[in-house]
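Chemist: The structure under discussion is supplied below as structure tokens; questions concerning it will follow.
What follows is calculated from the coordinates using simple rules that are stated; it is not laboratory data. Bear in mind that the values here come from a model prediction, so they are computed numbers and not experimental data. Methodologically, a virtual Cβ is constructed for each residue, glycine included, from the backbone with ideal geometry; neighbour enumeration extends over all protein chains shown.
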Amino acid sequence: MQTKILPVNVESVEKAKQIWLDGGLIGMPTETVYGLGAVATNPEAVKKIFEVKGRPSDNPLIAHVHKDYNLDTLVYVEHDYVNNLIKAFMPGPLTLVMKSKGVVCSEAVCGGDTLAVRMPSHVGCQQLLKAVDMPIVAPSANISKHTSPVTAMHVYNDLNGKIPLILDGGKCSGGIESTVLDVTESVPRILRAGLITKEMIESITGECLIAEHKEGDKVKSPGVKYRHYRPKCETALFSEEQIEKAIELYNEYENAGKTPYIMCRTTVSKAFDGKNILDLGETPEQIAYNLYDKLLEGETKAQIIIAISMPSEKGVYMGIMNRLRKSCG
Ligand code: TXA
Ligand code: MG
């Protein structure tokens, strides 16, 4: 199969819609990362997503809808605070896990009774979802466990020959996946941290919990238990207090004739003067925007990416550190 990349416009959206209606898969832009979409009510199409990605069969998918879609047709809103969250953050990088009404096929939710729903804010994605006017399930458009794609080219590099079409909507403005929030109970619980932070959720709901996973737990969001987001080179992770150790490792690689790169925020990069740097930028938003792009750039030229941790775990840093540990830790 030949994989085409087309810019998002009226004709390419019509093409994508036709592929979806015929049971095919599309690489599509969102404001977080690129998704691999299929019609959520078509079990055969949904199975293809798991095959193409090599995704574990117990990891459910997120249903994406346009901003005027009636969520009541898909899920039960069980608590008043959920409507306030929808008003505040949708469309945007927030995914809500709610009790499913069973419209989306059971293959997509891996037989579970909840459904994760999200309304992307990306204009091209909205255009696409509006045109098809059906829920589209989409995981990140990478081979399972590899770093998530934030450009159409990243999708192509992983899925060339496996899907017919990638719609190019530019580089994703967010850069890390949506916050996944369980809202089936009286207090919301973050299952996966992202750009909609605990603090932002608390400003609407007063309280917000964070799911903790220990070895052997039956996890509520299966995706969080896997090693994830790994670039194709070696990696290491050090805290900002361990810069000496990072330099030691860097020198070891260089002395062995290999190419190491340090990945860190701009201020910290000053401590690595003259060394190969993957500069993540300075603010948490810039760092999220650059993270996957720099990991994917790094794997093409480095034998090892030596990542330096963030200065805190608060706000957007929580999502960034979650990804850094899984990709480089
Ligand atoms: O930003 C995003 O969320 C991107 C873009 C493409 O929308 N999508 C994405 O999908 O990251 P994926 O499949 O890579 O990650 C979905 C996460 C997984 O951790 C999965 O376990 C969790 O959401 N999830 C999906 N459905 C769930 C459910 N019913 N209950 C609990 N967790 C769920
Ligand atoms: Mg993913």
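Chemist: Round to the nearest 10 and give me the degree value, 0 to 90, for the angle of helix 243-255's Cα axis relative to the longest principal axis of the chain.
Modeler: That helix lies at roughly 80 degrees to the long axis.
Chemist: Using 26 Å as the Cα-Cα cut-off, could you pick out the over-long pairs in K48/K130; K232/K258; K4/K130; K87/K162?
Modeler: Correct reply: K87/K162.
Chemist: From the residues Q286, F272, I304, which one has its Cα farthest along the dipole of the stretch 195-329 in the positive direction, the dipole being from +1 and -1 charges on Cβ of Lys/Arg and Asp/Glu about the Cα centre?
Modeler: Among Q286, F272, I304, the one farthest towards the positive end of the dipole of the stretch 195-329 is I304.
Chemist: Something else now. Percent antiparallel among DSSP beta bridges with both residues in the chain, to the nearest 5?
Modeler: Numbers: 18 of 46 bridges.
So the antiparallel bridges in the chain amount to around 40 percent.
Chemist: With the dipole of the chain worked out from charges on the C-beta (+1 for Lys and Arg, -1 for Asp and Glu) around the Cα centre, which of L167, T184, G206 lies farthest toward the positive end?
Modeler: With unit charges placed on the Cβ atoms, the residue in question is L167.
Chemist: Could you give the angle, 0 to 90 degrees to the nearest 10, between helix 123-132's Cα long axis and the longest principal axis of the Cα atoms of the chain?
Modeler: 30
Chemist: Right, another one. With unit charges on the beta carbons (Lys and Arg positive, Asp and Glu negative) and the dipole taken about the Cα centre of the chain, which residue among L85, T41, S140 sits farthest to the positive side?
Modeler: Result: T41, furthest along the dipole toward the positive end.
Chemist: If you consider only alpha-carbon coordinates, what radius of gyration and Dmax does the stretch 5-62 have, in Å?
Modeler: When restricted to Cα atoms, the stretch 5-62 yields Rg and Dmax of 11.9, 36 Å.
Chemist: Please report the relative contact order for the chain, taking Cα pairs under 8 Å with a sequence separation of at least 6, and give it as a percent rounded to a whole number.
Modeler: 20
Chemist: Related question: How long are the three semi-axes of the equivalent ellipsoid of the stretch 9-98, in whole Å, if each is the root of 5 times an eigenvalue of the C-alpha gyration tensor, listed from largest down?
Modeler: With the √(5λ) rule applied to the stretch 9-98, the semi-axes are 25, 17, 13 Å.
Chemist: Here is a further query. Along each of the three principal axes of the Cα atoms of the stretch 147-303, give the extent in whole Å, ordering the values from largest to smallest.
Modeler: 56, 46, 33
Chemist: Whose amide H sits under 5 Å from the amide H of R192, counting only residues 5 or more places off or on another chain, with H placed in the peptide plane?
Modeler: Under 5 Å from the amide H of R192: V180.
Chemist: Let me ask something else. In what sequence do T73, T147, T41 fall when counting other Cβ within 10 Å, fewest first?
Modeler: In increasing order of surrounding Cβ atoms, one gets T73, T41, T147.
Chemist: Order of 189-196, 281-288, 8-15 by packing, highest average Cβ count within 10 Å first? Could you put the intermediate results ahead of the total?
Modeler: Values: 189-196: 23.0, 281-288: 17.8, 8-15: 15.0.
The most tightly packed comes first, giving 189-196, 281-288, 8-15.
Chemist: Binned at 10 Å from 0, what are the whole-percent values of the Cα-Cα distance distribution for the stretch 240-302, short to long?
Modeler: 22, 51, 25, 2
Chemist: Could you give the size of the charge dipole of the chain about its Cα centre, using +1 on the Cβ of each K and R and -1 on the Cβ of each D and E, expressed in debye and rounded to the nearest 20?
Modeler: Computed about the Cα centre, the dipole is about 600 debye.
Chemist: Here is a further query. Report, to the nearest 10°, how far helix 10-21 tilts away from the longest principal axis of the Cα atoms in the chain, using its own Cα long axis and a range of 0 to 90°.
Modeler: Tilt relative to the chain: about 70 degrees.
Chemist: Next question, about the same structure. Can you give me the P(r) profile for the chain? Cα pairs, bins 10 angstrom wide beginning at 0, each as a whole percent.
Modeler: Bin by bin from 0 Å, the calculated values are 6, 27, 33, 23, 9, 2, 0.
Chemist: Under a GNM of the chain (C-alpha, springs under 10 Å), which listed residue has the highest mean-square fluctuation: L96, L165, L85?
Modeler: Sorting by GNM fluctuation, first place goes to L85.
Chemist: Just the projected area, averaged over all directions, of the convex hull on the alpha carbon atoms of the stretch 36-186: how many nm²?
Modeler: Details: hull surface 33.7 nm².
Result: 8.4 nm².
Chemist: Please report the relative contact order for the stretch 234-328, taking Cα pairs under 8 Å with a sequence separation of at least 6, and give it as a percent rounded to a whole number.
Modeler: Answer for the stretch 234-328 is 38 percent.
Chemist: I need the peptides 254-265, 135-146 ranked by packing, meaning the mean over residues of other C-beta atoms within 10 angstrom, with the highest value on top.
Modeler: Listed from highest to lowest mean packing, they are 135-146, 254-265.
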